[in-house]
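So the structure is just underneath, and the comments pick up after that.
The values are calculated or read from the model by the stated rules, or taken from the named source; none is laboratory data. Only a predicted model underlies this, so the values are computations on that prediction, with no experimental measurement involved. We place every Cβ from the backbone using ideal geometry, glycine too, and count neighbours over all the protein chains shown. Calculation scope for accessible area: heavy atoms of the full protein, side chains included, ligands and nucleic acids excluded. Shrake-Rupley method; radii C 1.70, N 1.55, O 1.52, S 1.80 Å.
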Amino acid sequence: MTPQRVTLITLGVEDLERSRTFYEALGWTPTEALPEVVFYQMNGLVLGLFGKAHLAADQGRPDTALGTGAITLAQNFVTEAEVDAAFSTALAAGATALKHPEKVFWGGYSGYYADPDGHVWEVAMNPFWPLAEDGSLTLPEAP
């Protein structure tokens with residue numbers, strides 16, 4: 001088994017129900033929901049939303065105030081129109097616009113928003129990274 005993998009991404013959230021409502025408005029369907037955590041099955045990995053107090057306790061540091069880190073989660077799309085639609089859907093669901101989608105220096109098209117807890121998402125179209133039919137991404141082989 002390769003060590004170069006991620007199987008679960010967990011986001012600490014202030015209000016689990018608010019965050020669950022936000023992600024459901026984006027079209028996400030929970031796979032499992034418990035009182036302190038909600039899980040979403042994705043292509044080969046799982047995204048979890050975990051109440052911050054419960055997450056800190058689970059990490060063995062119950063008195064720590066968890067914040068958000070310098071990380072960006074990203075969704076890639078096939079077209080610029082899909083990027084625009086995803087960005088608009090996120091804003092309608094309660095996201096905060098950070099950078100409206102635009103053509104970018106590396107030859108693609110992208111924008112950024114923050115979810116209700118400040119977790120940053122990029123929505124992008126990268127003409128150099130083709131997506132599989134299921135939306136998964138495998139980087140092209142280096143020449």
inquiry  = Pairs please, first residue from region 73-92 and more than 11 Å from Y109 (Cα to Cα) and hydroxyl-bearing (S, T, Y), second anywhere and at pLDDT below 95 and surrounded by 15 or more Cβ atoms within 10 Å (Cβ to Cβ), Cβ atoms under 9 Å, 6+ apart in sequence or on different chains.
reply    = none
inquiry  = From the list E122, E133, E102, exactly one residue is among the charged types (D, E, K, R), at pLDDT 95 or above and either part of a helix (DSSP H, G or I) or farther than 30 Å from L34 by Cβ (or both). Which is it?
reply    = E102
task = Go through the residues of region 13-35 one by one and say whether even a single one is polar (S, T, N, Q), in contact with a strand residue (DSSP E or B) (Cβ under 7 Å, 6 or more places away or on another chain), open to solvent by less than 60 Å² (accessible area, probe 1.4 Å) and over 17 Å from H119 (Cβ atoms).
result = no
task = Return the pairs, sorted by first residue and then second, in which the second residue is modelled with pLDDT under 95 and among the small types (G, A, S), the first residue lies in region 95-120 and is more than 20 Å from Y23 (Cα to Cα), the beta carbons are less than 6 Å apart, and the residues are 6+ apart or on different chains.
result = none
key: Qualifying residues in region 65-88 (those that are open to solvent by less than 60 Å² (accessible area, probe 1.4 Å) and polar (S, T, N, Q)) - the one farthest from L47 (Cα to Cα)   = T79
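Does A124 satisfy the criteria of being open to solvent by less than 40 Å² (accessible area, probe 1.4 Å) and closer than 21 Å to R20 by Cβ?
no
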note = Of the residues in region 93-114 that are among the charged types (D, E, K, R) and touching a Phe, Trp or Tyr at 6+ places or on another chain (Cβ under 6 Å), the one that is least open to solvent (accessible area, probe 1.4 Å) is K99
remark   = Subset of region 105-119, residues at pLDDT below 95 and under 16 Å from F77 (Cβ atoms), comes to W106
key: Flag if V38 is at pLDDT 90 or above, more than 14 Å from P116 (Cα to Cα), of a type in the set (A, V, I, L, M, F, W, C) and touching a helix residue (DSSP H, G or I) at 6+ places or on another chain (Cβ under 8 Å)   = yes
